[in-house]
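Let me begin by presenting the structure, written as structure tokens, before commenting on it.
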Amino acid sequence: MDSQHWRAVITAAQAGDRRALDELVAGWLPLVYNIVGRALNGHADVDDVVQETMLRAVDHLGSLRDPDSFRSWLVAIAVRQVRDRARRKTPDRLEEAAAADFAELTVLRLQLEGQRREVAEAARWLDDEDRHLLSLWWLEVAGELTRRELAAAVGITRQHAAVRVQRMKERLETSRGIVRALDGACPDLRETTGRWNGRPDSVWRKRLARHIRGCGYCGGTREAVVPAERLLVGLALVPLPAGFTLSLALGGKTAAAATSAGWSAKLLGALTKPAVAMTAGATIVAGGAYVVTQPPDAPPPRAAVSPTATATSLPPRAPAPPAATPKTSPSTTEKAAREKTGPYGTVVDAVDRAPDPNARPAALPRRPESGVTSTGGPKAVMQHRGDHVTLTGRGYVLVRWQISPGSRPGALVMPSWTGLKGRLFHVASGGSRRMDDPLPGAPNGYATGMGGPGIGYAVLSPGTQQMWQNEYFYLDGTVTLTQNERGCDYGLIVFPTNRDAVVEDIDQGPPQGAIRYGLVRDTGTDRAPVPQYLTRGAPADPATVPQRSRV
């Protein structure tokens, strides 16, 4: 930060310079947004708290005696507003859903991977006070704040701040362990979380931490754990969301009230003058409304999807480019078959009923295997919209579903397979259950893998084929799989695998305590089914790939 430059900007803004005020708000708004967003984890109140913080800062700018203390002064205002918001919460509002999970925004907009992603997701498991402190400590480690400013914002000494930060870091490391364990495949942990509604809280944090301490699988570290402060050094601020609007139009004050509150006549005139001043980061328009724009290369904003949304509302599917011409021309019969079934087989969403639990699967046809490589490694975990993995080779791939309707039920936007070069077939469904099968021993409020009457359900688009816990595909070429999570919480884990593992999974049936045997979908011919959202193109937003449905 160029302190000399900002000292001049702040002094000019205090004197009523409109351009200086514009630059001041545009320059410091991202810091406030990051503090409030992380402290409230993206709750719907974030925009209101950010706006109130900036309004108070502009309102009392004339009372700031030392421009060099502006940052600590602004941070202290933001922390007070967060605390005021916490005190104003009513029991009814405690259950309000987050408008946009800030941990998710952090991962998506900063493109975090590996242990950096883990730290961001672990923040969900912290209590409010720890999360408020984390919002400041994160910025301290990233170089945006000093320890003196952190302590001043919280209203404690630097020594006390050191103790508080250390305790928060210990709970953060515990939460990181929980994130790692939930991404794993521990069978005992799956049983432990059978009654969990998917919402992180202190009770389940302690319960899962006890499991991890006593579990050799979950407690064992399979890679060196890097301290959080080393992961966050130099990390950028999370960009403001597209179309973020900050209204500073006197906050409903009359001119007289604004003047008596300490607004200078020049500042009041600047805010009410019907003119437009432009900067790189913000626009101040008549009445004093700032509209902050997002860089063009930023990821698409998260959007809620109505449970009644259907695939038919998407734009028409463009015809896929023809496959490469084979060396020998296909016979008339083969051409007719391709015209009838489509170049990649029939769609997967043909009417399908769950087989009887005791119905053993058909034999799985053999296909040549040379192995599949993944840009996400042997286990790619995709939990947020925009996450993707590119698969290349010839062999089998497992896509494992994890749905958390307890966190956010609603319309489920299916993942997309894009940029296909070659062939992709759906060969089998396994995991011992379909996602709409009843969960053993689950209470009425959480009846199936899709949800329950007490918490709501993950709702599929009309015509969508019901997926199983494990879905297997055969790839001969290259393709990219993108997670399109928007209306309902879900995650995908993608594993390159082999035919033997597929057969072992689908043959595990009721005698082993599972709900049902698996299901073979591969016919061994070009009539083998393909994913519903499949294109050889590469759209800017894979969520717009329309569904090929015959239902």
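Remind me, relative contact order of the range 126-232 in percent, using alpha carbon pairs under 8 angstrom and six or more residues apart? Please report the intermediate quantities before stating the final value.
On the way: 55 pairs, mean separation 33.7, N = 107.
Here the relative contact order equals 31 percent.
Other residues whose C-beta falls under 12 angstrom from the C-beta of residue 211 contribute a net charge of +4, scoring Lys and Arg +1 and Asp and Glu -1. The apolar share of the surface of the range 412-547, taken as the fraction of accessible area on carbon and sulfur atoms (1.4 Å probe, ligands and nucleic acids excluded), comes to 52 percent. Paramagnetic label reach from residue 370 (point 7 Å along Cα→Cβ; backbone nitrogen cut-off under 14 Å): within the range 456-483, residues 475-478. Loop-located trypsin sites (Lys or Arg not before Pro) in the range 362-431 (DSSP state not H, G, I, E or B) with no more than 13 neighbouring Cβ atoms inside 10 Å: 366. Near residue 502, once Lys and Arg are set to +1 and Asp and Glu to -1 for all other residues with Cβ below 13 Å from its Cβ, the sum equals -2.
I want the local charge near residue 422. Using Cβ-Cβ distances under 10 Å, sum +1 for each Lys or Arg and -1 for each Asp or Glu among the other residues. Please list the in-between numbers first.
Values: positive: 394, 421, 423, 536; negative: 476.
Here the count lands on +3.
Working from label points 7 Å from Cα in the Cα-to-Cβ sense, the residue 147 to residue 226 distance is 2.3 nm.
Label-to-label distance for residue 190 and residue 8 is 6.4 nm, based on points extended 7 Å past Cα in the beta-carbon direction. Per residue, the range 354-408 exposes 46 Å² of solvent-accessible protein surface, assessed with a 1.4 angstrom probe and all protein chains in place. In the complete set of protein chains, residue-level accessible area for residue 488 is approximately 0 Å², probe 1.4 angstrom.
Using mean Cβ contacts within 10 Å as the protection proxy, how do 28-36, 462-470 order, highest first?
Details: 28-36: 23.1, 462-470: 20.4.
Peptide ranking by packing, descending: 28-36, 462-470.
Of the GluC sites (Glu not before Pro) found in the range 457-541, not one falls in a DSSP loop while having at most 12 other beta-carbon atoms within 10 Å. Taking the 1.4 Å solvent-accessible surface of the range 116-183 as the whole, the part contributed by carbon and sulfur is 45%.
In this simple spin-label model, placing a label point 7 Å from the Cα along the Cα-to-Cβ direction at both residue 167 and residue 15 gives a separation of 4.8 nm.
The values are calculated or read from the model by the stated rules, or taken from the named source; none is laboratory data. It should be emphasised that the depicted structure is a prediction, and the values quoted were computed from it without experimental measurement. Glycine gets a Cβ as well: all are built from the backbone with ideal geometry, and neighbour counts include every protein chain shown. Side chains are part of the model used for accessible areas, which takes the heavy atoms of the whole protein and leaves out ligands, DNA and RNA. Shrake-Rupley method; radii C 1.70, N 1.55, O 1.52, S 1.80 Å.
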